[in-house]
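Asks: A single structure is presented below for examination.
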Amino acid sequence: MARGPILAVTWMNLRSLPARWGPALVAVVGIAGVVMVLTATLAIARGFKAALNFAGADDVAVIVRGGSSGELASSLLPTEADVILDAPGILRDGSGPVASPELYVLVDLPMRVSGTAANVPFRGIGPRGRTVRDHFRIVAGRMFTPGLYEVVIGRGAAAQFRGLKLGDPVRFGTQTWRIVGLFEDGGSVTESELWADVHVLQGTYRRLGVQSVRARLASPDALPRLAAALKADPRINVTVTTERAFYSEQSKTLVTLVTVLGTAISIMMGIGAIFGALNTMYSAVAARTREIATLRAVGFGAAPVVLSVLVEAVLLGLAGGILGGFAAWVAFDGIQASTLNFQTFSQLTFAFMVTPGVLLTGVLYAVLLGFVGGLLPGLRAARLPITAGLRAT
Amino acid sequence: MEAPLVEVRGLTKEYRRGDEVVPVLAGLDLDIARGDYVALMGPSGSGKSTLLNLLGGLDQPTAGHILIDGVPVEALDSDELAAWRARSVGFIFQMYNLLPVLTAEQNVELPLLLTDLSREERRRRARAALALVGLSDRATHRPRELSGGQEQRVGIARAIVTDPLLLLCDEPTGDLDRKAGDAVLDLFDALNREAGKTIVMVTHDPRAAARARRTLHLEKGVLAREES
């Protein structure tokens, strides 16, 4: 088929768009709304994944009690922690094993937005806690002093919860602590936490042991060696994973839930938007009945007419997709939020990440909505009886 | 003797309205010679517009045959009909049916988009057709910037630009004042007498019919009488 007639009819169709801007705008805004929701949802899922993935290093092992699903359910006696620190496969330097026995408790803090109490992870790290975390850095104030009631707070926690101001005292357990620093950890889940000296935290909460040991591996392939050695040791029963696998396992349910729920909502909204697009394109066809009949009378075939309607619908979809994606990017990108990760019973802070991939998905979905919304009206346009159409007003 | 350009035999057209069958044309026979200029008259509902639509391949007959220049029009499918219309028929409508977003020249060029002509050649022919109807100076105007008579002349230019076998006109002066209507009829005279175009025109206006070579009166779907 010649391109000329198709281009000509499509071009004419688009040229008449300004005269029909009302319904067209309704379709564009409707689709934009759907794309905004889809983009936001995908941005949340992406943000979760980033927060949890980034937290995980492949050369750091997390050791918890055997069978426990996370740090909260785990407990290791001091003697057990010592056995772990002596195990093969852990990197050692002049100061001994590069590893950190850690205590993990939950404290209540009011959320900044709602004022309701939320579970915030409060972690006690060993003297070498920083050396098993590559991205950790203090961005304001200073690191806590071992032996003192001092805490440093994650950037995410500072943004999400009330009463966490640098320099202020804060009461956890039986003690008053002073907030001395603010830290970042590359946007990871760790930024949702508060940190203090593990021994001070043990004393406050009357714990003897710890919940986990983080250990830097001597080499990337040392994990099996470490796991085998600990498994063979009759004194302990522990689970050994890389940090990345540990976090990814902990977030699996949440990421799946957000993705599935968000996609389901987007599909349902999309069906609504298709009706909007259908309505718009049906009214566009109705408004152009005489033009279409005239073109058909002059000798234009059905195909250019169908295609012209489809192209218009797809372009409206594209406009909606770009508008919705842009709005989502302006409104959501980089926003810090938090939610309860019910696998760890603790609050997880994350940033909405409106990435190019997320935007592209939204725009493609919008184009699909436009296409589906234009198909039936396009076919109707091609089947309009010419003789009646010529007299339409 | 030369075969007629249009041969219509036993042409029947019925519309269905629910269970009711409404007959519009009832076994009509008609010959139109090459170079003829025929006016179709008759009361509303007599079938004259239906006959025109069937001749132009815009509608399908219930029964009967239409042979135009040897082509059995009723046997063509929708796409073949569209291609045949593009080559063989020029339509002129009562309400002009120009496309509002296009200039006069672009409206005239429209049927040529269906040909293999180059862009330059299409423009040259569109301008020539506009010159023929006396509207060279209105080439870049859009329909809403033209008077009714000018719009109809653009419509005529669009109908003749492909040099079709047959010009089919549905009440071409019905929406025009007398002066503009006369100008349109003068054009038809010239197209028929000087260019040898075959014209079939549906009209209610006896003054318009008087310009044709012959006038056919339809009543209740058949030819009632003929005047020459």
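Asks: Residues of the range A:285-324 with amide nitrogen under 20 Å from the 7 Å Cα-to-Cβ point of A:Val29?
Replies: Those under the cut-off are A:313-324.
Asks: So how tilted is helix A:21-55 from the main axis of chain A? Cα-based, degrees 0 to 90, rounded to 10.
Replies: Approximately 20 degrees, to the nearest 10.
Asks: Moving to a separate point now. I'd like the projected area of chain B, averaged over all directions, using the convex hull of its alpha carbons. Report it in nm² with one decimal. Please list the in-between numbers first.
Replies: Numbers: hull surface 52.6 nm².
Hull-based average projected area comes out at 13.2 nm².
Asks: Counting partner chain Cβ atoms within 10 Å of every residue's Cβ in B:80-91, what's the average? Write down the numbers at each step before the final one.
Replies: Working: counts 1, 4, 12, 3, 1, 6, 6, 1, 1, 3, 1, 5.
Average neighbour count from other chains, rounded to a whole number: 4.
Asks: For the range A:67-236, what is the largest minus smallest coordinate of the Cα atoms on each principal axis, given in angstrom and ordered from greatest to least?
Replies: The Cα atoms of the range A:67-236 stretch 49, 29, 28 Å along the principal axes, largest first.
Asks: Another one. How many times 2.2 N^0.38 Å is the alpha carbon radius of gyration of the range A:73-119? Let's see the in-between values first.
Replies: Details: Rg = 17.3 Å, N = 47, 2.2 N^0.38 = 9.5 Å.
That ratio works out to 1.82.
Asks: Could you check the simple spin-label distance between A:Ala331 and B:Ala75, using points 7 Å along Cα→Cβ, in nm with one decimal?
Replies: Calculated label separation equals 6.3 nm.
Asks: Using DSSP, restrict attention to beta bridges with both residues in chain B and report what percent are antiparallel, rounded to the nearest 5. Please report the intermediate quantities before stating the final value.
Replies: On the way: 21 of 38 bridges.
Bridges in chain B are about 55 percent antiparallel.
Asks: Moving to a separate point now. If you take the beta carbon distance between A:Met268 and A:Asp108 as r and set R0 to 60 Å, what does 1/(1 + (r/R0)^6) give as a FRET efficiency, to the nearest 0.05? Could you put the intermediate results ahead of the total?
Replies: Details: r = 36 Å, r/R0 = 0.61.
The pair A:Met268/A:Asp108 has a calculated efficiency of 0.95.
Asks: Here's something else I'd like to know. Above 30 Å lies some portion of the pair distances; for chain A, what is it as a whole percent of all C-alpha pairs? Walk me through the intermediate numbers first.
Replies: On the way: 41540 of 77028 pairs.
Of all Cα-Cα distances in chain A, 54 percent exceed 30 Å.
Asks: Continuing with this model, one more query. Might you report the magnitude of the Cβ-based charge dipole of chain A about its Cα centre, with Lys and Arg at +1 and Asp and Glu at -1, to the nearest 20 debye?
Replies: Numbers: 34 positive and 24 negative charges, 277 e Å.
Computed charge dipole of chain A: roughly 1340 debye.
Asks: Also, I was wondering about something else. Provide, for q = 0.17 Å⁻¹, the log10 of I(q)/I(0) from a solvent-free Debye sum over equal Cα point scatterers in the range A:105-201.
Replies: Evaluating at q = 0.17 Å⁻¹ gives log10 I(q)/I(0) of -0.67.
Asks: Output the antiparallel fraction of DSSP beta bridges having both residues in the range A:67-236, as a percent to the nearest 5. Don't jump to the answer; show the numbers that get you there.
Replies: Working: 27 of 36 bridges.
In the range A:67-236, DSSP labels about 75 percent of beta bridges as antiparallel.
Asks: In nanometres, what is the gap between the two model label sites at B:His65 and A:Ala232, each 7 Å from Cα along Cα-to-Cβ?
Replies: The answer from the label model is 10.1 nm.
Asks: Would you mind giving the mean number of other chain beta-carbons within 10 Å of the Cβ of each residue in B:57-67, as a whole number? Don't skip to the end; give the middle numbers.
Replies: Details: counts 3, 8, 4, 0, 0, 0, 0, 0, 0, 0, 0.
Average per residue, whole number: 1.
Asks: How much of the DSSP beta bridge set in the protein assembly as shown is antiparallel, as a percent to the nearest 5?
Replies: Details: 63 of 89 bridges.
Of all bridge pairs located within the protein assembly as shown, approximately 70 percent are antiparallel.
Asks: Would you mind checking the range B:120-155 for residues with the amide N under 18 Å from a putative spin-label position 7 Å along Cα→C-beta of B:Asp163?
Replies: Correct set: B:120-133.
Asks: Now for a different question. Rounded if a/c is under 1.5, else prolate if a/b is larger than b/c, else oblate: which is the range B:26-82, with a ≥ b ≥ c the root eigenvalues of its Cα gyration tensor?
Replies: Working: a/c = 1.81, a/b = 1.29, b/c = 1.41.
Verdict is oblate for the range B:26-82.
Asks: Moving to a separate point now. Quantify how strongly other chains surround peptide A:286-297 by giving the mean number of their Cβ atoms within 10 Å of each of its Cβ atoms.
Replies: Numbers: counts 0, 0, 1, 0, 5, 6, 0, 3, 11, 7, 5, 13.
The mean count of partner-chain Cβ atoms within 10 Å per residue comes to 4.
Asks: Convert 37 °C to kelvin, take the viscosity as 0.692 mPa s, use the Kirkwood radius over C-alpha pairs of the range B:1-117 as Rh, and evaluate the Stokes-Einstein diffusion coefficient in µm²/s, rounded to a whole number. Walk me through the intermediate numbers first.
Replies: On the way: Rh = 16.1 Å.
Answer, rounded: 204 µm²/s.
Asks: Residues with amide H under 5 Å of A:Tyr104's amide H, sequence separation 5 or more or different chain, H placed in the peptide plane at 1.01 Å from N; which?
Replies: Residues meeting the amide H criterion: A:Gly124, A:Gln211.
Asks: Hey, another quick one. Would you pull out the residues with amide H under 5 Å of A:Arg65's amide H, same chain only if 5 or more places away, H placed 1.01 Å from N?
Replies: For A:Arg65, whose amide H was placed from the backbone, the distant partners under 5 Å are A:Ser75, A:Thr239.
Asks: What value, in deg cm²/dmol to 500, does the helix sum -39500 (n - 2.57) over DSSP H runs of n ≥ 4 give at 222 nm once divided by the residues of chain B?
Replies: Details: 7 runs with 72 residues, N = 228.
Theoretical 222 nm ellipticity from helices: -9500 deg cm²/dmol.
Asks: What is the sum of charges, Lys and Arg at +1 and Asp and Glu at -1, for the other residues whose Cβ falls under 10 Å from the Cβ of A:Ala140?
Replies: Working: positive: A:Arg142, A:Arg155; negative: A:Glu184.
Residues near A:Ala140 contribute +1 overall.
Asks: Compute the separation of the alpha-carbon centres of the range A:213-230 and the range B:162-191 and state it in Å as a whole number.
Replies: The range A:213-230 and the range B:162-191 have Cα centres separated by 95 Å.
Asks: Under a Cβ-Cβ cut-off of 11 Å, what is the net charge of the residues other than A:Tyr149 that fall near it, where Lys and Arg count +1 and Asp and Glu count -1?
Replies: On the way: positive: A:Arg171, A:Arg178; negative: A:Glu150, A:Asp197.
Every neighbour counted, the sum reads 0.
Asks: Solvent-accessible area per residue for the protein assembly as shown at a 1.4 Å probe radius, Å²? List each step's numbers first, then the result.
Replies: Working: 26950 Å² over 621 residues.
I get 43 Å² per residue for the protein assembly as shown.
Asks: Here is a further query. Computed over the Cα atoms of the range A:260-341, what is the convex hull's projected area averaged over all directions, in nm²?
Replies: On the way: hull surface 30.1 nm².
Averaged projected hull area, Cα only: 7.5 nm².
Asks: No solvent, one uniform scatterer per C-alpha: report log10 I(q)/I(0) for the range B:129-228 via the Debye equation at q = 0.19 1/Å, two decimals.
Replies: Here the Debye-derived log intensity ratios amount to -0.96.
Asks: So, R0 is 51 Å and r is the distance between the beta-carbons of B:Arg142 and B:Glu226; what FRET efficiency does that work out to, to 0.05? Intermediate results must be reported in sequence, preceding the final value.
Replies: Details: r = 42 Å, r/R0 = 0.82.
FRET efficiency, B:Arg142 to B:Glu226: 0.75.
Asks: When the helix-only estimate is applied to chain A (DSSP H runs of n ≥ 4, each -39,500 (n - 2.57), divided by the residue count), what is the mean residue ellipticity at 222 nm, nearest 500 deg cm²/dmol?
Replies: Values: 11 runs with 198 residues, N = 393.
Calculated at 222 nm, the ellipticity per residue is -17000 deg cm²/dmol.
Asks: Ok, one more. Which percent of the accessible heavy-atom area of the protein assembly as shown goes to carbon and sulfur, probe 1.4 angstrom? Walk me through the numbers on the way to the answer.
Replies: Details: 15950 of 26950 Å².
Looking at the protein assembly as shown in its full context, I get 59 percent from C and S.
Asks: Sticking with this structure for a sec: If we count every other residue with Cβ under 12 angstrom of A:Ala286's Cβ, Lys/Arg +1 and Asp/Glu -1, where does the sum land?
Replies: Values: positive: A:Arg20, A:Arg288, A:Arg290, A:Arg380; negative: A:Glu291.
Counting the neighbours of A:Ala286, the net charge comes to +3.
Asks: Continuing with the same structure: Dipole of chain B, Cα-centred, from +1 at each Lys and Arg C-beta and -1 at each Asp and Glu C-beta, to the nearest 20 debye? Mind showing how you got there, number by number?
Replies: Details: 29 positive and 35 negative charges, 122 e Å.
I would put it at about 580 debye.
Asks: How big is the A/B interface in buried accessible area, both sides summed, 1.4 Å probe, to the nearest 100 Å²? Don't skip to the end; give the middle numbers.
Replies: Numbers: alone 17810 and 11110 Å², together 26950 Å².
Buried: approximately 2000 Å² between B and A.
The values are calculated or read from the model by the stated rules, or taken from the named source; none is laboratory data. Just so it is clear, the model here is predicted, and its values are computed rather than measured. We place every Cβ from the backbone using ideal geometry, glycine too, and count neighbours over all the protein chains shown. Heads up: the accessible areas ignore ligands, DNA and RNA and are worked out on the full protein's heavy atoms, side chains in. Shrake-Rupley method; radii C 1.70, N 1.55, O 1.52, S 1.80 Å.
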